[in-house]
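Worksheet for the structure shown next.
The values are calculated or read from the model by the stated rules, or taken from the named source; none is laboratory data. All values reported here derive from a predicted model rather than from experimental measurement. Heads up, the Cβs are rebuilt from the backbone with ideal geometry, glycines too, and the neighbour counts pull from every protein chain shown.
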Amino acid sequence: MTEGASAFAATAGGSLLALPILVPAAGVLLSFLLGGRQAERIALALMPVQFGFAVAIASLIWRSGQPLVYVLGGYAPPLGIALRADGFSAVMLVTTSLIMPAAGLYARTNFATPNDGTERRAPLVFWTLLQAIQAALSLIFLGGDLFNLYVALELLTFAAAPLVCLDGRPETLAAALRYLMFALFGALFYLLGVALLYGAYGTLDIVLLSRQIRAEPAVWLAAGLMTAGLLAKTALFPLHLWLPPAHANAPAAASAVLSGLVVKGSFFLIVRLWFNVLPALPNAVPGAILAALGSAAILAGSALALRQERLKLLIAYSTVAQIGYLFLMFPLASGPWSAEAFSGGVMQALSHAFAKAAMFLSAGLIAESLGHDRIAGLGGAGRAMPVTFLALGLGGLSLMGLPPSGGFAAKWLLMKASIEAGQWVWAVVMLAGGLLAGGYLYRVLAPALSGNRPRLKSPPRRSRENVALALALAAVLLAFAPPTFFAFLQIGRPAAGAALR
Amino acid sequence: MSDFLLATAGAILFTVAVGLVRILGGPGDADRMMAAQLIGTGGIASLLLIAAATGARGVDDVALGLAILAAFASAAFVNSGAPAEEPDPNPADDR
Amino acid sequence: MSVLQALDVGLAFLVFAVAAWTVFAPGPFAATVGYVVYGLLLSLVWIRLFAVDVALTEAAIGSGVTGVLLIGAAARLRGAETTPAEEALTGLTRLFAAGLCLLVAAALAAVVLLLPDQGPTLAPQSMERLPETGLGNPVTAVLIAFRSFDTMLEKVVLVLGVVGVWSLAADRYWGGAPGEARAERPEPTLAFFAQVLAPIGILVGVHVFWVGADEPGGAFQGGAILAAMWMIVMMARLTEAPQASAFWLRLALIAGPAVFLAAGVAGAVVAGGFFAYPPGLAKPLILFIETFMTFTIAVTLPMLVAGPPRREPRR
Amino acid sequence: MSSATLAGLVGAALVGLGLYGVIADPQPLRKILAFNLIGSGVFLVFGIVARKGAAAGLSADPVPQAMVITGIVVAFAASALAVALTLRLFEETGRATLRPDAGTKPPDDGADAE
């Protein structure tokens, strides 16, 4: 493959790419083997290591201005598998490696092994699967081969589904089963598309494929099947039915990871598919369909969030809505404004990850302290636990898209791009979505900040409140991302459609 | 020669298919399991015939594996308690 | 070759008919039995596609072990078989669903018909690099060398599957053995059957694993047959299911991926890259990894079928 | 029509059939069965791709074959997890249903029963 040779020239430090996948995978195996308290120790000890890998990868990309490439086993694609990291991958890796330890620190209270060291079910499963999610996400962000990414999707499913029903209540079991069904459907349709692409081009490497793809029936069908499958896993309207019960019923730390990160995994693959594998396809119509579904998600998700009686369900429905924003970048991704739209979409993914994780952790603290999470019973709670509600409110700021917040930056960029592109309708939807978000957050915050202080079953521990607050502050700080950050996001991004570059 | 082998394989498959239609309908689960065993035997036979005719390598191992696993499936059936949905003439046999 | 074509058409028709039976069969049990038959027929199709390795895997895992899993589940779900009226789809929804499925199938069929008769292939490249691995079976070479990363991660998926299944245990049973304790004596016929079948099956399983280096077969297929033999011995109560907390069991469950991962990392030190094999040592190393993988599969599949721990742990 | 194309058409039909089962049958176990049908249909598509890639003295391209083997094992693990969930749900509630409102009464003690 002389043509492919240049794409697989080993980049310096490329071997670093294997580590964020292999190290947590080894952690999974070791945690399961040693059991008991070791699982927690291993999981927490590896988190800073993972952060180190993410930062090292990001800085290598930053310094070289080029994507990192690594070929596994010395078997170059198309026969073998390559790993590849561009600016987007690196940013997602860093985000993951920041949110994971937050969830981990928060969860230490809920998933502690008793002092005598007897192994308990929930802690072992939680700490093992948390690492598995980390491994799966790293692979999704770094994988350069479509079948390898299928394995990553399955890893993610197997790691995430059992977390939903960790407490074993019947409704959580039903939610986990529904989640699993949607995920299996998604993985199979994705795999079917992979089969068709291999049949048409004899390779599954993203770079090699992107050079050969032509607009022909097999490719269109593959693109449709894979997108449909990934949408089911991302829970884009109307395939969102599984998400609210699953995310609302999981333990708070798991919800934070599921809502903040796991749905972004399949979203990341949709971006990979359309921007890296299929840039040669005319994408105006598919982009418009995706954005239309996204708009429906924003409106329907927000409207349903307004009607929820439980705080965690409200936050889960707001995830349905916020996922919708992610898809507004697709129709705007060709033309001179494409970089802006892309940055806006990525910014939305990042800010929602931090904000939603903060909100789920806060909701968990509220539920533990009050003994319930009924919105009607939140009166005055904000006075009793101000830091928790501050975290909740700051996260909400990002959801509404008010400045200063990452959510504002994201929605501003997307809105600018849609106006420049003359596609006003998306801007209108975004404004409406912001108003609705304001509505459902008002329902929670207004009573909480007024009225008498309720009696708390137990006040939240300050360190756990601080974890939630730190995540919320991160979502706010994203508003101050410098222009170099957006330049970094463009590293390795192939030109989409008619775009220059 | 190979046409003869293939025709034989086809004939076996055909008889098995006819039996299948009769038995998959039940009435009891044990009858259905018998249908599975029947097609197991016929399937292995036609597998070997097809392999001999088309010259595919390593098919005898597939036949061996299938034979062992077919027995395994019926053992699992017996172990699962095999109560029939419809009244079974000899319920005591199954428990 | 018209006889062969007639056979193919007949086989295709049979596969489709049995598949339709599993979807429309009156009860779950009838449907699962249909699925076992279906898996068997599918093995024939794979032989016709000259994919003997896949035929073995389909026979062992797709039909054999999955069939047993589903038969067991259908037996336990008796009583849950009736569908409450409010859950049944209305006629209109059904019609819509049928239309959608027809559309997907038709589009797929059209694309399949459009695929060129001589498609793009990696067969020449696989054969070109096959000698480096020292293996004779290119499918095994893809699994353990060219795309070893996939295979290693897929083993991790199996471990996660066990963690997920076990996570469904009630807290008081954590660490105990899966399956219900049965006081009754084993069925004598079953016990005899297991005593006869298991030694033969173990022999076949090891054989299938061992020839996998050069002929169709390998770790997955051999491991699955071994797994079936362990399951049948447990069914016959000739041996007890192990405790989920047993260290040896955990070690057996992770041995395959752990050895694979360790070898992959060692490659970075010795052979200049993750998952690279040092030249000359590739074949012994591959057989070493495959041995552990076979063992792990033989232990993992029964644990996945057995379900979560359901007995109080013994101390 | 070659046997490979025929197998591909069967694969397409299986995907459609399985998809119908997944959508139309409310029982989880039947859905799991239907998922397995879709899965084998997908694998058959890989199978014809492999067969059409016969070259270099091989009757079929080994790469898609290896992918199918990986896929079969993963599909089995998924079935096992789904079956375990279904059985547990049945034990807890006496029925196996995926209805979203199945027992969604708000928990009375701590919504976040961790």
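The figures follow:
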quantity	calculated
Selected residue [more than 21 Å from residue A:92 (Cα to Cα), crowded, with 23+ Cβ neighbours inside 10 Å and of a type outside the set (Asp, Glu)] from A:260, A:265, A:287	A:287
Single condition residue D:94 does not satisfy, out of (1) at the interface with another protein chain (Cβ under 7 Å from one of its Cβ atoms); (2) at positive phi	(1)
Residues within the range C:207-250 that are in a helix (DSSP H, G or I) and either without any contact (Cβ under 8 Å) to a residue 60 or more places away in the chain or closer than 15 Å to residue C:64 by Cα (or both), tallied	22
Residue within the range C:70-89 that is within 26 Å of residue D:94 (Cβ to Cβ) and touching a residue at least 60 places away in the same chain (Cβ under 8 Å) present	yes
All positions within the range A:109-151 that are surrounded by fewer than 24 Cβ atoms within 10 Å (Cβ to Cβ) and either part of a loop (DSSP other than H, G, I, E, B) or free of Cβ contacts under 8 Å to residues at least 40 places away in the same chain (or both)	A:109, A:110, A:112, A:113, A:114, A:115, A:116, A:117, A:118, A:119, A:120, A:121
Where residue C:130 falls short, out of the listed (1) surrounded by 22 or more Cβ atoms within 10 Å (Cβ to Cβ); (2) in a helix (DSSP H, G or I); (3) in the same structural domain as residue C:243 (by TED's automatic domain parsing)	(1)
Qualifying position, being outside the structural domain of residue C:287 (by TED's automatic domain parsing) and among the small types (Gly, Ala, Ser), among C:63, C:167, C:148	C:63
Residue match in the range C:261-277 (condition: in contact with a strand residue (DSSP E or B) (Cβ under 9 Å, 6 or more places away or on another chain), modelled with pLDDT under 90, surrounded by fewer than 23 Cβ atoms within 10 Å (Cβ to Cβ) and not assigned by TED's automatic domain parsing to the domain that holds residue C:67)	yes
Residue in the range A:199-212 that is buried (at least 24 other Cβ atoms within 10 Å of the Cβ), closer than 22 Å to residue C:106 by Cα and at pLDDT below 95 present	yes
Residue that is surrounded by the fewest Cβ atoms within 10 Å (Cβ to Cβ), among those in the range C:220-252 that are touching a Ser or Thr at 6+ places or on another chain (Cβ under 6 Å) and either within 8 Å of another protein chain (Cβ to nearest Cβ) or of a type in the set (D, E, K, R) (or both)	C:220
Test: residue in the range A:232-244 that is out of contact with any Cys (no Cβ under 6 Å at 6 or more places or on another chain), farther than 27 Å from residue A:193 by Cα, crowded, with 24+ Cβ neighbours inside 10 Å and more than 14 Å from chain D (Cβ to nearest Cβ)	no
Residues of the range B:34-63 classified as under 25 Å from residue C:31 (Cα atoms) and either outside any helix (DSSP H, G or I) or over 9 Å from the mean Cα position of the chain (by Cα) (or both), total	5
Residue in the range C:157-180 that is surrounded by fewer than 17 Cβ atoms within 10 Å (Cβ to Cβ), out of contact with any helix residue (DSSP H, G or I) (no Cβ under 9 Å at 6 or more places or on another chain), over 23 Å from residue C:213 (Cα atoms) and modelled with pLDDT under 90 present	yes
Filtered residue count, the range D:33-54, keeping only those that are within 7 Å of chain C (Cβ to nearest Cβ), in contact (Cβ under 8 Å) with a residue 12 or more places away in the chain and either part of a loop (DSSP other than H, G, I, E, B) or under 21 Å from residue C:28 (Cβ atoms) (or both)	5
Residue ranges of helices (runs of 4 or more DSSP H) in the range A:297-386 with at least 1 members of a type in the set (S, T, N, Q), modelled with pLDDT under 90 and crowded, with 24+ Cβ neighbours inside 10 Å	A:338-370
Search result, residues across the range C:99-123 that are at the interface with chain A (Cβ under 10 Å from one of its Cβ atoms) and either over 16 Å from residue D:8 (Cα atoms) or not in a helix (DSSP H, G or I) (or both)	C:115, C:116, C:119, C:120, C:121, C:122, C:123
Criterion (within 14 Å of chain D (Cβ to nearest Cβ), within 23 Å of the chain's Cα centre (by Cα) and within 22 Å of residue A:234 (Cα to Cα)) met by exactly one of A:350, A:332, A:361, A:326	A:361
Long-range neighbours under 6 Å by Cβ, at least six apart or interchain, first residue more than 7 Å from chain A (Cβ to nearest Cβ) within the range C:264-277, second part of a helix (DSSP H, G or I)	C:277/C:285
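Results for (1) over 30 Å from residue A:109 (Cβ atoms); (2) more than 14 Å from chain C (Cβ to nearest Cβ), shown as yes or no for each residue.
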residue	(1), (2)
A:26	no, no
A:34	no, no
A:61	yes, yes
A:66	yes, yes
A:73	yes, no
